[in-house]
Structures are given as C-alpha cells and as structure tokens.
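Participant: This is the structure I have questions about; it appears just below.
Read-outs: derived from the displayed coordinates by stated rules, not from any lab. It should be emphasised that the depicted structure is a prediction, and the values quoted were computed from it without experimental measurement. Because the Cβ atoms are built from the backbone with ideal geometry, glycine has one as well, and the counts that use them run over all protein chains shown.
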Amino acid sequence: MSRETRTPPAKAARSAARAPAFLFGMGVGGFVDGIVLHQLLQWHHMLSHTESGSSKTVPGLELNTLADGLFHSAMWVLVVAAAALAVRARQQGRLSPSWRFHTGLVLAGWGVFNIIEGLVNHQLLQIHHVRDDLGGPLAWDLGFLAVSVLLAVGGWLLFRGSQMSGKIGAPDAG
C-alpha cells in the first residue's frame, strides 16, 4: 500500500502575523503605565489602594516595590514573547512590511491592555486607581479608560486602513 502525501495548494496571499505587534503593544502599554504612572509621576503603585499596600508606610512601599517589579517582569515576558513571535513570523515569511499594520496593532494592543488593567485593577479589584491623592478617583479612572478606548480603536482603524491588514504579498500604500 502506498501512502499518498498531499500538499495543500499554496495560497496567493498568506496571512500576516498579527500577534507579535499586538503583544508588543500590550507590553509597552504596561511599561508606560508602570514607568510613567508608578515610578516617574508616582500617582499610584500596584497595591496602593489596599490596606497593606499604603504608600505612606515603609512596609507598604516595600510591598508595592515588589508588586511593581513583578508587574514589570510580566510586561517583559510579553515583549520577549512578541519578539520571539516576530522572528518566527519572519522566518515563515509572514511578517508584514507595512508600518500601518504594525503601528496600528501596537496601539490597539496598548489600548486593550489599558482597558483590561483599568477594568480589573481599578474597578473590579480596586487595588489602585489612577489618582487617589486628589479625590474623585473615578473621574481619573474613567479618563484613563476613555484614552485607552481611543488608543484601541485608533490603532485598529490604522491597522484596518493598511492594505496589508490581512495578507502578505498585497501592495502596501504605507
């Protein structure tokens, strides 16, 4: 008995890899949140709205430093995973050359990360808010979510506006 090996017909255009840019955007979004809001502006820390994580005590600051470090480590893993997926996509000929494709997905990933982080950490768990020190943390949290939605939608529109939003081998206007 002979076994017949079938090779699927080659597609005219291959699907471009979306995950690398999207995951990179999520990681960058986390880095910007952690570096800018946690460290530079010091508006909040990962656990600053919890009883044991008060940033007014040394043990609270120590706990928040650890939590912020774990958060940054998770963001680092996302960025490294994005890089590994980009290398794999390049080897498979599935890495789009379009800047709109990648920039759009990076912005969309950043926005989606912020939406998840804002809903889970700020609203559901309430382990921190964008600003606790000025009063009215809900207004700051809603503003953060609004900017996040704009990032996600704007990024998705930029990605979809790319003629290469789904296929490799198609012409690209930019």
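Participant: Along the positive direction of the dipole of the chain (beta-carbon charges: Lys, Arg +1; Asp, Glu -1; about the Cα centre), which of G143, T57, H129 reaches farthest?
Facilitator: G143
Participant: Grab the DSSP H runs of the chain that are 4 residues or longer, score each as -39,500 (n - 2.57), total them, divide by all residues and round the 222 nm result to the nearest 500 deg cm²/dmol.
Facilitator: On the way: 4 runs with 92 residues, N = 174.
So the calculated ellipticity at 222 nm is -18500 deg cm²/dmol.
Participant: Let me ask something else. What are the ³J(HN,Hα) values, in whole Hz, obtained from phi via the Karplus relation 6.51 cos²θ - 1.76 cosθ + 1.60 with θ = phi - 60°, for each residue of the stretch 94-105 in sequence order, with x given for Gly and Pro?
Facilitator: Listing the rounded values in order: 10, 9, 5, x, 7, 5, 5, 4, 6, 4, x, 5 Hz.
Participant: Comparing L61, L134, L157, which has the greatest mean-square fluctuation in the GNM of the chain with Cα pairs linked when under 10 Å apart?
Facilitator: Highest fluctuation of the listed residues: L134.
Participant: Please list, in order along the stretch 67-84, the HN-Hα scalar couplings obtained from phi with the Karplus expression 6.51 cos²θ - 1.76 cosθ + 1.60 (θ = phi - 60°), rounded to whole Hz, x for Gly and Pro.
Facilitator: These are the phi-based 3J(HN,Hα) values: 4, 5, x, 5, 4, 5, 4, 5, 5, 4, 4, 4, 5, 5, 4, 4, 5, 4 Hz.
Participant: Report the extension gain between V153 and D132 in nm, rounded to one decimal, defined as 0.36 nm multiplied by the number of residues separating them, less their alpha carbon distance.
Facilitator: 4.8 nm
Participant: Please list 3J(HN,Hα) in residue order for the stretch 106-111, calculated via the Karplus relation 6.51 cos²θ - 1.76 cosθ + 1.60 where θ = phi - 60°; whole Hz, with x for glycine and proline.
Facilitator: Karplus-based 3J(HN,Hα) across the stretch 106-111 equals 5, 5, 5, x, 4, x Hz.
Participant: Pick out which of Q126, Q42, Q91 has the largest mean-square fluctuation in a Gaussian network model of the chain, springs linking Cα atoms closer than 10 Å.
Facilitator: Largest GNM mean-square fluctuation: Q91.
Participant: Gaussian network model of the chain, Cα springs within a sub-10 Å range: biggest mean-square fluctuation belongs to which of L37, L124, L145?
Facilitator: L124
Participant: Where the only charges are on Cβ atoms (+1 Lys, Arg; -1 Asp, Glu), what is the dipole of the chain about its Cα centre, to the nearest 20 debye?
Facilitator: Working: 13 positive and 10 negative charges, 278 e Å.
The dipole magnitude comes to about 1340 debye.
Participant: Same structure, new question: Could you tell me what a quarter of the Cα convex hull surface of the stretch 21-162 works out to, in nm² with one decimal place?
Facilitator: If you wrap the Cα atoms of the stretch 21-162 in a convex hull and average its projections, you get 8.7 nm².
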